[in-house]
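Contents: one structure, followed by commentary.
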């Protein structure tokens, strides 16, 4: 079974990377093969925590998509964006900074794709009004979305997967990841000031156009905005307390989504049809394929090799953490970070159990294991900034720019993405070393 | 009943290399539904609808909600016009065409309108030369007057 599982895994991975066939088709076909060839049983695939579909991830994703779908109908994102542009007095660099911060915060709480989908049209309109090139603004928003999404458990799918596998809670991410993301944003914006500060200037009469925009027209449903704002706030509070309340994040998200569906008056057919089902089924297929590799021993074999390579011990996991930041970062710039993290998760579980002994939380949340999880999170999420295909938000931005007649070439995206990825991974490396190994 | 018997034959035809400004002026000034792009022999190679022209005059990213935030979009439209001046009729036209032939029947034409949301469908002869077009209204009028025999429909 070892070679059968390995073959399915390698062929599916190659097909996903090639992008010749839609990744959801590949994942579901791989999952079907894994079940038909009895690499894992259906019982394992649907009900085993170690080998099967991680329903915590699935329901957290679906629930957050439902909430975002309802919130996006209120027009609040466009309102905030236009208000922010006016706060920046029509100054292009100020707008760039404010939009980056808004994108980062929104992406930390909601999904990255929705955030850029809602903000990019406003960005294009503002660039049109200011008669400037929108491309630096659009790429900056995609990068800010990926950086901001790294900050929280719910910000980016890799974090949801890592949290579920390692038993980490929302506040763990706030305490360990959010501070470095804030620092990264500050350093990045200072560098952006040097790069763009003097290049982005427009005449006063163009700024007047921005000041004349009417943001109040954006709010289409004030009642729905109030309801969804309150429920999202309560849901985030629930996330912050879920460890204390002993609820899984998916339970909190499901409660929030169900409440919002009930009180919003929206037709569930319309809301549910907008859930990104291809992404959800991609996850389901992937979990089953990876479950096959775990059961067949491939992940165990890889973990032994990884231990040989990085030589972690119960007292020192420095090399493993450092390798994890850069390996995850570079891999995620080239391939989708979701299958990457889906593979790394069981591998790190195996490694943790071998190095620290025992099973479960004791091994997974060992003081020397936690930095490795943070390294994986930072590498996988920030690495997505490297290329135009590194993250979903990048793909969306490139597509929207092309449709608007402002195409962004692969190389042009990399000119922004690669330096920012290097910078953020370098800061992350220094952070992990200083916080967990120098002072830890 | 063949559609050649009741199709509309007053059409606007333009060559594929017509520049955007001339095309816009011509399309806007004629009373016909579509502007048809034909080659030198009169063979149909593309169709330009009102929507095709309108969509070239507004940014693709603009939603109705976002449009309501700007006080006057005249400058945006003018900017789009300036950006599109280099285009020709061939750049604007739809190339994936649904066509009818002169010997197609009324019922075939009727079904075509059911299958897709067309305002009008061009009609070509056996050589592919554009000879007319037919709209939903013409079909309805013919059904009401000639098939159902309703005198008020004529």
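Since every read-out is calculated from the coordinates, none of them should be taken as a lab result. Please read these numbers as outputs of a predicted model, since none were measured by experiment. All Cβ positions, even for glycine, are placed from backbone atoms using ideal geometry, and neighbour counts span all protein chains on display.
Couple of notes before you dig in:
- The equivalent ellipsoid of the stretch A:96-204 has semi-axes of 30, 15, 8 Å, largest first, where each one is the square root of 5 times an eigenvalue of the Cα gyration tensor.
- Highest-MSF residue in chain B out of B:109, B:120, B:25 [GNM, Cα springs under 10 Å]: B:25
- Ratio Rg/Rh, restricted to the protein assembly as shown and using Cα atoms, in which Rh is the Kirkwood radius: 1.06
- Note on chain B: GNM, Cα springs under 10 Å; of B:87, B:44, B:100, the largest mean-square fluctuation is that of B:87.
- To the nearest ten degrees, helix A:23-36 and the longest principal axis of the Cα atoms of chain A are 20 degrees apart.
- Calculated P(r) tail over 19 Å for the stretch A:41-175, as whole % of Cα pairs: 55 percent
- With distances taken between every two different alpha-carbon atoms, the stretch B:3-153 has a Kirkwood hydrodynamic radius of 17.1 Å.
- Using the Cβ-Cβ distance between residue A:206 and residue B:125 with R0 = 51 Å, the FRET efficiency computed as 1/(1 + (r/R0)^6) comes to roughly 0.40.
- GNM flexibility winner over chain A from A:391, A:375, A:401 (Cα, springs under 10 Å): A:401
- Nitroxide proxy distance, nm - points 7 Å out along Cα→Cβ at residue A:133 and residue A:198: 1.7 nm
- Using alpha-carbon coordinates, inclination of helix A:178-196 to the longest axis of chain A, degrees: 50 degrees
- Convex hull projection area averaged over all views, the stretch A:333-429, Cα basis, nm²: 6.8 nm²
- Crossing angle, helix A:76-87 versus chain A [Cα axis fit, 0-90 degrees, rounded to tens]: 50 degrees
- Simple label model, 7 Å out from Cα along Cβ direction - residue A:245 to residue A:430, nm: 3.9 nm
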